[in-house]
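Notes follow once the structure below has been shown.
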Amino acid sequence: MIDDSEQQERSQRNPHLAGFTGLLQSKDSDAEGAEASCGAFGYLRGLRDHSAAVEFRFRDGNSMWFPYSWLGNWQYNPSEGLLLKFSGDLVYLVLIRGSNLDRPLNEGAINLTHAGLQRHRVLWVREMSEEEIRQVGEKGPTIDSIELAEFESQADLKEWLKKKGPAFLHEGTKPDV
């Protein structure tokens with residue numbers, strides 16, 4: 001097993017590995033803290049770890065969980081936010097608005113989108129207060145709002161998207177949400 005000092009020496013000798021030091025964790029470091037978080041979301045640290053569900057935490061104290069097995073297609077538009085579609089007994093859309101949603105955290109091994117949600121490592125996502133958003137600034141991801149809606153029909157879903165996130169609405173030859 002490689003210890004942290006040996007890992008740092010390797011990355012110094014091999015500059016092409018510099019961006020991957022966060023990915024090259026020893027088994028001990030995974031065992032010490034299986035979960036980590038930033039102000040916007042919590043995640044599993046282990047590269048092979050997966051969560052069964054993701055929790056959405058609202059400012060009012062309420063939460064909603066969705067199993068990752070329900071997660072269908074999702075879209076990220078930096079100017080609009082992140083739109084997730086969960087299909088179970090009904091269809092649910094979760095619209096997450098914020099900034100730097102795809103920015104890697106300090107250690108560079110995880111972000112909300114590709115290394116987080118896409119790999120089922122995100123445990124929770126939460127709306128942040130205005131003060132918390134100011135403190136993070138441009139240094140990391142922030143979550144301004146999470147809107148959640150459930151739908152029984154495709155027509156209702158499209159109507160909601162027209163109002164809440166028109167950039168995510170695809171017409172004509174583009175695929176439906």
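The values are calculated or read from the model by the stated rules, or taken from the named source; none is laboratory data. Treat the numbers as computed from the prediction; the structure is a model and nothing was measured. A quick note on method: Cβ atoms are made from the backbone with ideal geometry, for glycine too, and the neighbour counts reach across all protein chains shown. These area figures cover heavy atoms from the full protein model, side chains too; ligands, DNA and RNA do not enter into them. Shrake-Rupley method; radii C 1.70, N 1.55, O 1.52, S 1.80 Å.
Find the residue count for region 36-74, including only residues that are within 14 Å of the chain's Cα centre (by Cα), open to solvent by 60 Å² or more (accessible area, probe 1.4 Å), under 17 Å from GLY108 (Cα atoms) and not polar (S, T, N, Q).
Result for region 36-74: 1.
Determine if region 123-139 includes at least one residue that is at pLDDT 95 or above and in contact with a helix residue (DSSP H, G or I) (Cβ under 7 Å, 6 or more places away or on another chain).
There is no residue in region 123-139 that is at pLDDT 95 or above and in contact with a helix residue (DSSP H, G or I) (Cβ under 7 Å, 6 or more places away or on another chain).
Test each condition in (1) touching a residue at least 60 places away in the same chain (Cβ under 8 Å); (2) open to solvent by 30 Å² or more (accessible area, probe 1.4 Å) for SER87 and report the one that comes out false.
Here SER87 meets the rest and fails (1).
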